[in-house]
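Some notes on the structure that comes next.
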Amino acid sequence: MNYDEFVKYLKQDKMEKNVLLLYGEEVFLKAHSKAELLKKITPAQMPEFNVFEFDGRKYDLKAVDEAIEALPVMSDSKLLTFRNSMIFTISGKDTATKEYKEFWEKRLSDIPEDVFLVFDEEKVDKRSGLYKKFQKQNAFAEFSYLSENKMINWTIGLFKTLGKVISPHDAKYLIEITGEGMMAVKHEAEKVAAFTQGEIQITRADIDAVVVPVIENKVFDMVDAMLSQNAYAALSKLNDLCSLKEDETRILGAISSSVDKILTVKLMTESRLDRTQIASKSKIPPFLVSKYITLSAKYTRENLERLLTMCVDTDRNFKLSQGDKTVLLQRLIADFAG
């Protein structure tokens, strides 16, 4: 299920599924949907005996078994919630152990109808056996980032609830400089609304007065200046970042990542992939894809590849040189765009 399908599912009088997996990168939607789900399935009677919460990948499996097998206390149902159990991952230092995965492989085939299980996961590998088990039963909800249009409309609606009006253009600008999805936009929108006080119309000047763009957005503008051969503008943006005490290694990493994404989007666009496909394959949030498409169309593949190579060389110099890393970043800009 996607978010829209999950909303329809919640409107049913009776929950058809008593085991559900919730996951996805849009944490605001996931948290909101989980809260609505729990409102509906949390036992009203004797919750201290009928509601069990398990956090992390290490918990007492015997306690889980006992909670599932015991009859509800003065209630029609019981609820067990698991947060970041990591049983749906395959590898990595944080994955659940074989013991936990094998336990759930057996246990999930024998869950009483009066017991609800909710798994709230940050990481899911769709190749895992347990994920495929949930997928087969359609017992999951994936909360992906919203499309650009939906994100803009949601942001406009958010400001409306705050008693403000914002244009689609300025809403898009706010989304781009926060870059982290709905939770970040909500936080920044509340700051802007408080700042403007009695003013109803939100302007770009209001946003700039309050919102500090994420480093990725600042670096994106700096990369645009570099690719445009505007060394002065790029150096000015680098100085702004350095004045904010941003780490030079992080700045270089953001430059490399930004160029790599622009190049990737260019290649996908040339292969005639649509925006949805580009967002899925590149892991760029759908509401940011358009600005990458726009920028990638302005520059040649050769220039992007050359800048990426120069970033690799600068990273090597970071590791070998005892010199000032800011100077090395300035040299990168001067050599490419000077």
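The values are calculated or read from the model by the stated rules, or taken from the named source; none is laboratory data. Owing to the predicted nature of the structure, the values given are computational and were not obtained by experimental measurement. Glycine also receives a Cβ, built like all others from the backbone with ideal geometry; neighbour counts cover every protein chain displayed. Quick note on the areas: whole protein, heavy atoms, side chains included, nothing else; ligands and nucleic acids left out. Shrake-Rupley method; radii C 1.70, N 1.55, O 1.52, S 1.80 Å.
General remarks:
- Most positive-pole-ward Cα, Leu158, Phe287, Leu263, against dipole of the chain from beta carbon charges: Leu263
- The long axis of helix 248-270 is offset from the longest Cα principal axis of the chain by roughly 80 degrees.
- Relative contact order computed over segment 193-338 (Cα-Cα under 8 Å; 6+ residues apart), in percent: 29
- Ranked by solvent-accessible area (1.4 Å probe, protein heavy atoms only, all chains present), the residues Ile251, Ile111 order from largest to smallest as Ile111, Ile251.
- Computed from Cα atoms, the angle from the helix 168-178 axis to the main principal axis of the chain rounds to 90 degrees.
- Of Thr300, Ala334, Val210, farthest towards positive along the dipole that unit charges on Lys, Arg, Asp, Glu beta carbons give the chain: Thr300
- Here segment 161-214 is treated with +1 on each Lys and Arg Cβ and -1 on each Asp and Glu Cβ, and its dipole about the Cα centre works out to around 100 debye.
- Probe 1.4 Å, all protein chains present, accessible-area order of Ile152, Ile200, largest first: Ile200, Ile152
- Comparing Glu188, Glu26, Glu36 in a Gaussian network model of the chain, where Cα atoms under 10 Å apart are tied by springs, the biggest mean-square fluctuation is seen for Glu36.
- Residue among Leu10, Gln135, Leu29 farthest towards the positive dipole end of segment 1-141, charges placed on Cβ: Gln135
- Candidates Val214, Val289, Val265: whichever shows maximal mean-square fluctuation once the chain is modelled as a Gaussian network with Cα springs under 10 Å: Val214
- Between segment 212-227 and segment 73-151, the Cα center-to-center distance that results, in Å: 38
- Reach of Lys164 by Cα under 17 Å, taken over aspartates and glutamates that are not fewer than 8 positions away in the same chain: Glu188, Glu190, Glu199, Asp206, Asp208
- Rounded to the nearest 20 debye, dipole of the chain from Cβ charges on Lys, Arg, Asp, Glu: 700
- Pair Ser109, Leu71: separation of 7 Å Cα→Cβ label points (nm): 2.8
- Counting only protein heavy atoms and a 1.4 Å probe, segment 1-154 has 56 square angstrom of accessible area per residue.
- In the elastic network of the chain, a GNM with C-alpha springs shorter than 10 Å, the most mobile of Lys17, Lys30, Lys319 is Lys319.
- Solvent-accessible area per residue, Å², over segment 182-338 with all protein chains present [probe radius 1.4 Å]: 53
- Among the listed pairs Lys123/Lys298; Lys106/Lys261; Lys133/Lys186; Lys39/Lys186; Lys160/Lys281, a Cα-Cα separation exceeding 32 Å is found for Lys123/Lys298; Lys106/Lys261; Lys133/Lys186; Lys160/Lys281.
- Here segment 1-138 is treated with +1 on each Lys and Arg Cβ and -1 on each Asp and Glu Cβ, and its dipole about the Cα centre works out to around 460 debye.
- Here the accessible area of segment 206-309 is 50 percent carbon and sulfur, with a 1.4 angstrom probe and all protein chains present.
- FRET E, pair Glu302, Asp240, Förster distance 30 Å, beta-carbon r, rounded to 0.05: 0.55
- Extension gain (nm, one decimal) between Glu53 and Val214, 0.36 nm per residue minus Cα-Cα: 54.5 nm
- Working note: Karplus 6.51/-1.76/1.60 with θ = phi - 60° gives segment 27-38 the couplings 5, 5, 4, 5, 5, 5, 5, 5, 4, 5, 5, 5 Hz, where Gly and Pro are set to x.
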